[in-house]
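What follows is a short report on a single structure.
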Amino acid sequence: MSYVDGFVLPVPKKNLAAYRRLAKMACKIWMEHGAMEYRECVGDDINVKGMLPFGSSVKLKPGETVVFSWIAYRSRAHRDKVNARVMKDPRIAKMTGAQMPFDCKRMLYGGFEVIVSA
(Lines give C-alpha, C1' and ligand atoms only; values in the text may rest on other atoms or scores of the structure.)
Protein backbone atom coordinates (compact mmCIF):
# COMPACT_ATOMS: atom_id res chain seq x y z
CA MET A 1 0.00 0.00 0.00
CA SER A 2 1.00 3.63 -0.41
CA TYR A 3 1.22 6.50 2.04
CA VAL A 4 0.00 10.10 1.85
CA ASP A 5 0.83 13.28 3.72
CA GLY A 6 -2.26 15.49 3.83
CA PHE A 7 -2.55 19.21 4.49
CA VAL A 8 -5.45 21.62 4.97
CA LEU A 9 -4.63 25.29 5.37
CA PRO A 10 -6.23 28.72 5.22
CA VAL A 11 -4.90 31.10 2.57
CA PRO A 12 -5.98 34.71 2.20
CA LYS A 13 -7.46 35.05 -1.28
CA LYS A 14 -5.19 38.04 -1.91
CA ASN A 15 -2.18 35.71 -1.30
CA LEU A 16 -3.22 32.90 -3.65
CA ALA A 17 -0.75 33.91 -6.37
CA ALA A 18 2.12 33.96 -3.86
CA TYR A 19 0.94 30.64 -2.41
CA ARG A 20 0.81 29.10 -5.88
CA ARG A 21 4.41 30.18 -6.58
CA LEU A 22 5.51 28.65 -3.26
CA ALA A 23 3.55 25.45 -3.97
CA LYS A 24 5.05 25.08 -7.45
CA MET A 25 8.56 25.25 -6.00
CA ALA A 26 7.64 22.81 -3.22
CA CYS A 27 6.17 20.43 -5.80
CA LYS A 28 9.37 20.53 -7.83
CA ILE A 29 11.49 19.82 -4.75
CA TRP A 30 9.36 16.94 -3.44
CA MET A 31 9.14 15.31 -6.86
CA GLU A 32 12.91 15.63 -7.40
CA HIS A 33 13.47 13.85 -4.08
CA GLY A 34 11.18 10.94 -4.92
CA ALA A 35 7.54 11.77 -4.13
CA MET A 36 5.14 9.87 -6.39
CA GLU A 37 2.45 12.56 -6.61
CA TYR A 38 1.99 16.13 -5.38
CA ARG A 39 -1.31 18.03 -5.46
CA GLU A 40 -2.41 21.49 -4.26
CA CYS A 41 -6.14 22.25 -4.54
CA VAL A 42 -7.95 25.49 -3.72
CA GLY A 43 -11.44 25.35 -2.20
CA ASP A 44 -14.32 25.81 -4.61
CA ASP A 45 -17.36 24.11 -3.02
CA ILE A 46 -16.47 23.92 0.67
CA ASN A 47 -19.71 24.84 2.45
CA VAL A 48 -21.99 21.90 1.67
CA LYS A 49 -25.34 22.09 3.44
CA GLY A 50 -25.79 19.53 6.20
CA MET A 51 -22.07 18.87 6.59
CA LEU A 52 -19.33 20.38 8.72
CA PRO A 53 -17.89 23.27 6.68
CA PHE A 54 -14.40 22.45 5.43
CA GLY A 55 -13.08 25.81 6.57
CA SER A 56 -14.19 25.38 10.18
CA SER A 57 -11.27 23.08 10.92
CA VAL A 58 -8.79 25.84 10.08
CA LYS A 59 -10.94 28.64 11.53
CA LEU A 60 -11.42 30.27 8.15
CA LYS A 61 -11.65 34.07 8.34
CA PRO A 62 -13.38 36.46 5.93
CA GLY A 63 -11.32 36.88 2.78
CA GLU A 64 -9.67 33.45 3.12
CA THR A 65 -10.12 30.18 1.29
CA VAL A 66 -9.02 26.63 2.02
CA VAL A 67 -6.19 24.79 0.29
CA PHE A 68 -6.25 21.00 0.44
CA SER A 69 -2.99 19.29 -0.48
CA TRP A 70 -1.43 15.87 -0.53
CA ILE A 71 1.85 14.22 -1.37
CA ALA A 72 1.92 10.49 -2.20
CA TYR A 73 4.70 8.01 -1.45
CA ARG A 74 5.25 4.25 -1.81
CA SER A 75 5.20 3.73 1.98
CA ARG A 76 5.72 5.52 5.27
CA ALA A 77 9.40 4.54 5.16
CA HIS A 78 9.64 6.03 1.65
CA ARG A 79 7.92 9.20 2.92
CA ASP A 80 10.42 9.47 5.77
CA LYS A 81 13.37 9.13 3.35
CA VAL A 82 11.95 11.65 0.88
CA ASN A 83 11.14 14.18 3.62
CA ALA A 84 14.62 13.80 5.13
CA ARG A 85 16.15 14.66 1.75
CA VAL A 86 13.69 17.52 1.22
CA MET A 87 14.51 19.06 4.61
CA LYS A 88 18.22 19.07 3.69
CA ASP A 89 17.54 20.82 0.37
CA PRO A 90 18.75 24.45 0.57
CA ARG A 91 15.74 25.62 -1.45
CA ILE A 92 13.44 24.56 1.41
CA ALA A 93 15.43 26.64 3.90
CA LYS A 94 14.93 29.68 1.67
CA MET A 95 11.19 28.99 1.45
CA THR A 96 10.63 28.43 5.16
CA GLY A 97 12.72 31.46 6.06
CA ALA A 98 10.55 33.70 3.89
CA GLN A 99 7.24 35.28 4.83
CA MET A 100 4.63 32.57 4.34
CA PRO A 101 1.46 33.54 2.42
CA PHE A 102 -0.73 31.69 4.97
CA ASP A 103 -1.06 31.20 8.73
CA CYS A 104 1.07 28.13 9.56
CA LYS A 105 -0.45 27.91 13.05
CA ARG A 106 -3.86 27.01 11.56
CA MET A 107 -2.54 24.41 9.11
CA LEU A 108 -3.65 20.80 9.60
CA TYR A 109 -1.18 18.05 8.72
CA GLY A 110 -1.04 14.29 9.04
CA GLY A 111 0.36 11.13 7.51
CA PHE A 112 -2.13 8.55 6.22
CA GLU A 113 -1.88 4.94 5.17
CA VAL A 114 -3.91 4.40 2.01
CA ILE A 115 -6.60 1.72 2.49
CA VAL A 116 -8.46 2.04 -0.84
CA SER A 117 -7.02 3.15 -4.17
CA ALA A 118 -8.06 2.95 -7.82
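The values are calculated or read from the model by the stated rules, or taken from the named source; none is laboratory data. Since we're looking at a predicted model, the values are computed, not measured. As a convention, Cβ positions derive from the backbone with ideal geometry for all residues, glycine included, and neighbour counts pool all protein chains shown.
Identify the residue in the stretch 7-36 that is over 19 Å from I92 (Cβ atoms) and not aliphatic (A, V, I, L, M) and, among all such residues, is nearest to the chain's Cα centre (by Cα). Checking each candidate, the answer is P10. Assess whether R79 counts as being under 20 Å from S117 (Cα atoms) and among the basic types (K, R). Considered against the rule, which asks whether it is under 20 Å from S117 (Cα atoms) and among the basic types (K, R), R79 comes out as yes. Annotation: M36 fulfils all but one of (1) of a type in the set (A, V, I, L, M, F, W, C); (2) within 14 Å of S2 (Cβ to Cβ); (3) touching a strand residue (DSSP E or B) at 6+ places or on another chain (Cβ under 7 Å); (4) modelled with pLDDT under 95; the unmet one is (4).
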